[in-house]
1. State the number of residues belonging to the stretch 165-200 that are surrounded by fewer than 13 Cβ atoms within 10 Å (Cβ to Cβ) and either assigned to a helix (DSSP H, G or I) or in contact with a helix residue (DSSP H, G or I) (Cβ under 8 Å, 6 or more places away or on another chain) (or both).
2. What are the residues in the stretch 135-159 that are part of a loop (DSSP other than H, G, I, E, B) and surrounded by 13 or more Cβ atoms within 10 Å (Cβ to Cβ), if any?
3. In the set Val126, Val162, which member is in a helix (DSSP H, G or I), open to solvent by less than 60 Å² (accessible area, probe 1.4 Å), within 20 Å of Thr237 (Cα to Cα) and among the aliphatic types (A, V, I, L, M)?
4. Scanning for something touching a residue at least 12 places away in the same chain (Cβ under 8 Å) and farther than 27 Å from Leu90 by Cα, does the stretch 154-165 turn up at least one residue?
5. Just the residues that are over 26 Å from the mean Cα position of the chain (by Cα) and touching a residue at least 12 places away in the same chain (Cβ under 8 Å), please, taken from the stretch 100-122.
6. Here are the criteria: (1) at pLDDT 80 or above; (2) over 30 Å from Thr239 (Cα atoms). Tell me which single one Gly186 does not satisfy.
7. Since Leu131 meets every condition but one in (1) at pLDDT below 90; (2) hydrophobic (A, V, I, L, M, F, W, C); (3) in a helix (DSSP H, G or I); (4) surrounded by 14 or more Cβ atoms within 10 Å (Cβ to Cβ), which condition does it not meet?
Amino acid sequence: MTATIDAPPATPSRLATAPPRRNRSGMLLGLLAWIVGLLFVAPVLWMVLTSFHNENDAATNPPSLFAPLSLEGYANFFGSTTGASPWPPLLNSVTASVLSTLLVLLLAIPAAYALSIRPVRKWTDVLFFFLSTKMLPVVAGLLPVYLIAQGIGMLDNIWLLVVLYTSMNLPIAVWMMRSFLAEVPGEVLEAASMDGCSLPRTLRTIVIPMVAPGIAATSLICFIFSWNELLFARVLTATVAQTAPVFLTSFVTSQGLFLAKVCAAAVVVSLPVLIAGFAAQDKLVQGLSLGAIK
């Protein structure tokens, strides 16, 4: 008869019982990210909530969180009491933003192609020149632009804003598109050249589909910058070419600041940008990571 020795019960390893330090740091970073995100989103949510209150509840101090909901602010914004329609300024903003974004893409993609895939001589100097145009404060060029627009009879003209927004966003678009186009494999372009593709066909059928996320990200940023621009639109327009941000300033009168109406107007004016961002969300994420260093 042979004796058997029972093995001691297995004790769990210390590494198995204790949570990894990396997981704890990841949870803390995730919690911190949520807190920071809520801090940024909270004012926007409060603006939306205030837009559904009447003026008396919106002006209380401290603010009333559970006040009755009302559409009074939106009715005032759409001119039920004042008679001022917001549609012409909104259409002017759409026209200036969309047309300037299309012109920026039309000019920036060939320029970025020449600076990345087929680099021209002294291309670094060209990039620095584009960047140097953003070093001058916008207000410093306001008076010369105003005098030129007055001399050629372009004041209160939406096409003047289209040209200005195109020139303002073009340097940013060239820099962004260059980083996206630099990721295009050279072998693909060489194969297209060997197959007899011309430069316009190469751009149209090969390069543009490959950098479509980058184009979406660039166009969205240019659209946002054009939509939110106020200084040039405030000085160079009056009534015909008035944009949505300028129309928002008309709600601040000598009678005081009507919070519910201003919040309702801000929500409506912000909707096109939010809709465009959500519609191009997947392309935007891909585009912003396309030119990243791997």
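The values are calculated or read from the model by the stated rules, or taken from the named source; none is laboratory data. Since this is a predicted model, take the numbers as computed values, not measurements. Note that each Cβ is placed from the backbone with ideal geometry, even for glycine, and that neighbours are counted across all protein chains shown. Heavy atoms of the whole protein, side chains included, go into the accessibility calculation; ligands, DNA and RNA do not. Shrake-Rupley method; radii C 1.70, N 1.55, O 1.52, S 1.80 Å.
1. Residues flagged as surrounded by fewer than 13 Cβ atoms within 10 Å (Cβ to Cβ) and either assigned to a helix (DSSP H, G or I) or in contact with a helix residue (DSSP H, G or I) (Cβ under 8 Å, 6 or more places away or on another chain) (or both) within the stretch 165-200 amount to 7.
2. Met154, Leu155, Asp156, Asn157
3. Going through Val126, Val162 in turn, the sole match is Val162.
4. No.
5. Ile117
6. Failing condition for Gly186: (1).
7. Against the list (1) at pLDDT below 90; (2) hydrophobic (A, V, I, L, M, F, W, C); (3) in a helix (DSSP H, G or I); (4) surrounded by 14 or more Cβ atoms within 10 Å (Cβ to Cβ), Leu131 comes up short only on (4).
Residues checked against (1) at pLDDT 85 or above; (2) touching a Gly at 6+ places or on another chain (Cβ under 8 Å); (3) under 13 Å from Val174 (Cα atoms):
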{"site": "Thr81", "(1), (2), (3)": "no, no, no"}
{"site": "Ala84", "(1), (2), (3)": "no, no, no"}
{"site": "Ala96", "(1), (2), (3)": "yes, no, no"}
{"site": "Ala112", "(1), (2), (3)": "yes, no, yes"}
{"site": "Lys122", "(1), (2), (3)": "no, no, no"}
